[in-house]
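**Student:** Okay, here's the structure, questions in a sec.
The values are calculated or read from the model by the stated rules, or taken from the named source; none is laboratory data. Note that the structure is a prediction, hence the values are computed from the model and not measured. Neighbour counts are summed over all protein chains in view; Cβ atoms, including those assigned to glycine, are modelled from backbone coordinates with ideal geometry.
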Amino acid sequence: MKGPIIMKFGGTSVADAKRLRGVAALAAERSSQGVLLVLSAFSGVTDTLFAAGKAAVAGNEAEALDLLAKMIQRHRDTAAELLSTPAGTLPPQVESVIESARIELGSVLKGAALLKALPDRSMDILAGRGELLSTAILAAYIGAPWIDARRVMRTDSRFGCAKPLTDEIRELAAKEMLPLVGPGMVAVTQGYIGADETGAPTTLGRGGSDYSASLFGAALGASEIQIWTDVEGVLTCDPRVVPQARPVELLGYDEAAELAAFGAKVLHPATILPAVELGIPVTVRNSMVPNGRFTTISRESASGQPVTALASRGPVTVITVRTPRMLGGSGFLASIFETFGRRGVSVDLVATSEVSVSVTVDGKAEVEELAADLAELGEVRIERDRAVVALVGERLLKTPGIPGKAFAALTDISVEMISLGANEINLSLVVAKAKAAEAQRRLHAAFFE
Ligand code: ADP
Ligand code: ASP
Ligand code: MG
């Protein structure tokens, strides 16, 4: 028997009553196979919840509560419009989700304003509420079962960026979800949120709904994981940076994972992994143009192109340690990386020469104490506000001339570091953050236009 289809809809795809009607129609078209709808919060809601938390911590209780009140009202209005009921008489299941958001989040924000602090644990109660609201409203509209993802998405207790526990999720999904997504059935659940073993609410990190969809897909043996968003699939570059970017029809799992890891926001970086293990195809589709072009990501469908797409991430900080003692010596790299490990700073790209090693780390990482430790090993240089621009393609390093063409496109943009991915599908260049957009436009023109 074919497994169900997972259909994940991101924020803009569930922004208002009209879009929610579209979501319901798309799910109905596919219901013969069984559908699990995984929704994000309405667009902008998670940002609002973070903003309310920040205002509360800054002591601005009134502002925080005002943001909450407007957010609650938006859900009431959307529900009333969608369900064609006058505001104030919503179905009891919708009413109770909205009311508990109003009361509980109000208390969280008042507490935060009083203490001028909002621990990650409480922040997750706030941050994850948008998904509970959006799904309660859609489930009532289509008359489908509403599954509380916190009963299935078991995670560890790293609030704010919790790690899913896949064995537990598989067992819980078999019990709580599988019976509701058989042929002819549609059920609704939330992306982004989970709970730890004590039941405390957690979140998977910003943009985590894609990851939820693929985790549920793997747990349910789905036949396809569909990521419905506001663009026609994975494009050759971020369209906000390069308007000429065009859709990529076929992508291999490795290519997609690499693009996501290097900043293509269209997919959360962890989305591909659960799908790869079971060979489940992931498609990325445009909810505004449902019958338009889309991207299929699977084991078989690598693009076959030397360069499939570009991605960029930043700011990053470049740390270079230079010492003549590296020449012919041994153990220096080990001591350098041991220092990073001890200081808990995670290393991203690495490039080495005879006498120096350069690495990139996240621009937000605290590097002062690390730099002091590294200074015992050699001369240390710290360069901030850099960005990584990555070219990704299945046959990138097997095709002669690609690095040359990339450098020719960037003649007057200085490339400060180069790293070739060990998996041979990625060429990463580090440039000044301020030049990253221009670098992508030049590379896009050289390789795709
Ligand atoms: P959703 O809310 O549906 O999850 P996101 O905003 O998280 O949507 O992701 C979609 C956005 O990702 C697009 O609108 C686009 O601006 C951005 N993006 C960045 N890189 C790419 C890319 N290579 N292909 C498509 N979209 C990209
Ligand atoms: N709503 C969450 C966010 O904005 C999760 C998601 O949309 O993927 O980060
Ligand atoms: Mg997203």
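**Student:** For residues in the stretch 384-405 being at pLDDT 95 or above and among the small types (Gly, Ala, Ser), which is farthest from GLY314 (Cα to Cα)?
**Tutor:** Once the filter is applied, the top-ranked residue is ALA390.
**Student:** Take the residues in the stretch 299-323 that are out of contact with any Asp or Glu (no Cβ under 9 Å at 6 or more places or on another chain) and surrounded by fewer than 21 Cβ atoms within 10 Å (Cβ to Cβ), then tell me which one is modelled with the lowest pLDDT.
**Tutor:** Of everything passing the filter in the stretch 299-323, GLU300 is modelled with the lowest pLDDT.
**Student:** For the stretch 394-449, give me each residue that is on the phi > 0 side of the Ramachandran plot and within 25 Å of the chain's Cα centre (by Cα).
**Tutor:** Answer for the stretch 394-449, where residues must be on the phi > 0 side of the Ramachandran plot and within 25 Å of the chain's Cα centre (by Cα): just GLU424.
**Student:** Say we look at the stretch 216-251 and pick out the residues that are within 15 Å of ligand 3 (Cβ to nearest atom) and under 19 Å from GLU131 (Cβ atoms); which of these is surrounded by the fewest Cβ atoms within 10 Å (Cβ to Cβ)?
**Tutor:** Among those that are within 15 Å of ligand 3 (Cβ to nearest atom) and under 19 Å from GLU131 (Cβ atoms), it is ASP230.
**Student:** For the stretch 153-185, give me each residue that is under 28 Å from GLU29 (Cβ atoms) and touching a Gly at 6+ places or on another chain (Cβ under 8 Å).
**Tutor:** Hits for the stretch 153-185 are MET153, VAL181, GLY182, PRO183, GLY184, MET185.
**Student:** Another question about this same structure. Give me a count of the residues in the stretch 397-425 that are under 15 Å from HIS444 (Cα atoms) and either part of a loop (DSSP other than H, G, I, E, B) or polar (S, T, N, Q) (or both).
**Tutor:** Count: 3.
**Student:** How do the strands (runs of 3 or more DSSP E) wholly within the stretch 194-267 filter down when requiring 2 or more residues that are more than 16 Å from ligand 2 (Cβ to nearest atom) and touching a residue at least 12 places away in the same chain (Cβ under 8 Å): which remain?
**Tutor:** Because the criterion is at least 2 residues that are more than 16 Å from ligand 2 (Cβ to nearest atom) and touching a residue at least 12 places away in the same chain (Cβ under 8 Å), the strands (runs of 3 or more DSSP E) in the stretch 194-267 that meet it are 250-252.
**Student:** Only residues that are surrounded by 18 or more Cβ atoms within 10 Å (Cβ to Cβ) and either over 22 Å from ALA445 (Cβ atoms) or in contact with a Phe, Trp or Tyr (Cβ under 8 Å, 6 or more places away or on another chain) (or both): list them for the stretch 372-396, please.
**Tutor:** LEU374, LEU377, GLY378, VAL380, ARG386, VAL388, ALA390, LEU391, VAL392
**Student:** Further question on the same structure: Looking at (1) more than 25 Å from LEU20 (Cβ to Cβ); (2) surrounded by fewer than 22 Cβ atoms within 10 Å (Cβ to Cβ); (3) among the basic types (Lys, Arg), can you tell me which one ARG102 breaks?
**Tutor:** All conditions pass for ARG102, except number (1).
**Student:** Further question: Just to be sure before I move on: is GLU131 within 19 Å of GLY207 (Cβ to Cβ) and either part of a helix (DSSP H, G or I) or more than 16 Å from ligand 3 (Cβ to nearest atom) (or both) in the structure I sent?
**Tutor:** Against the criterion (within 19 Å of GLY207 (Cβ to Cβ) and either part of a helix (DSSP H, G or I) or more than 16 Å from ligand 3 (Cβ to nearest atom) (or both)), GLU131 qualifies.
**Student:** Here is a follow-up. Quick check, is ASP348 more than 20 Å from PHE216 (Cβ to Cβ), among the charged types (D, E, K, R), away from ligand 1 (no atom under 16 Å from the Cβ) and not in a loop (DSSP other than H, G, I, E, B)?
**Tutor:** Taking the combined requirement at face value, the residue satisfies it.
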